[in-house]
Amino acid sequence: MGELLYQDEDVVIFRDINPITPVHLLVVTRQHIPSLAVMSEAETPLVGKMVKAANRAAREQGIAESGYRLTINSGADSGQIVPHLHMHLMGGRRLRWGH
């Protein structure tokens with residue numbers, strides 16, 4: 001796990017150990033949810049908490065104004081490697097699709 005930047009009762013945020021952008025953070029639920037595909041109705045508010053925490057992190061990293069990308073991969077065809085719900089927060093330069 002990379003450097004821990006934020007944590008609360010539901011979400012943790014840390015630096016990706018293999019960043020593909022100048023700012024590349026992982027926003028992860030504490031509760032184990034394998035993917036969006038199996039998320040229950042009761043668990044869906046966690047996504048909002050993840051987005052709120054990600055926005056806070058983007059401001060703290062100085063990329064909120066210039067722009068950033070939040071990505072959730074869900075399932076093998078999306079490129080999800082780790083079977084635990086998480087978002088990639090990427091920014092710090094102009095992004096294009098593919099990175």
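Remarks
- Test: residue in the stretch 33-43 that is out of contact with any His (no Cβ under 9 Å at 6 or more places or on another chain), under 18 Å from Leu5 (Cα atoms) and free of Cβ contacts under 8 Å to residues at least 24 places away in the same chain: no
- Hits in the stretch 29-55 - residues which are small (Gly, Ala, Ser), surrounded by fewer than 16 Cβ atoms within 10 Å (Cβ to Cβ) and part of a helix (DSSP H, G or I): Ala37, Ala42, Gly48
- Count - residues of the stretch 35-61 that are in contact with a Phe, Trp or Tyr (Cβ under 7 Å, 6 or more places away or on another chain) and under 14 Å from His86 (Cα atoms): 1
- Qualifying position, being within 14 Å of the chain's Cα centre (by Cα) and either exposed (fewer than 13 other Cβ atoms within 10 Å of the Cβ) or at pLDDT below 95 (or both), among Leu4, Leu26, Leu70, Leu89: Leu4
- Among the candidates Ala58, Ala76, residue that is more than 12 Å from Val11 (Cβ to Cβ) and either among the β-branched types (Val, Ile, Thr) or surrounded by fewer than 11 Cβ atoms within 10 Å (Cβ to Cβ) (or both): Ala76
- Lone unmet requirement of (1) surrounded by 12 or more Cβ atoms within 10 Å (Cβ to Cβ); (2) of a type outside the set (D, E, K, R); (3) not in a loop (DSSP other than H, G, I, E, B) for Ile63: (3)
The values are calculated or read from the model by the stated rules, or taken from the named source; none is laboratory data. Bear in mind the structure is a predicted one, so any value in this text is a computation, not a measurement. Reconstructed Cβ throughout: ideal geometry from the backbone, glycine too, with neighbour counts over all protein chains shown.
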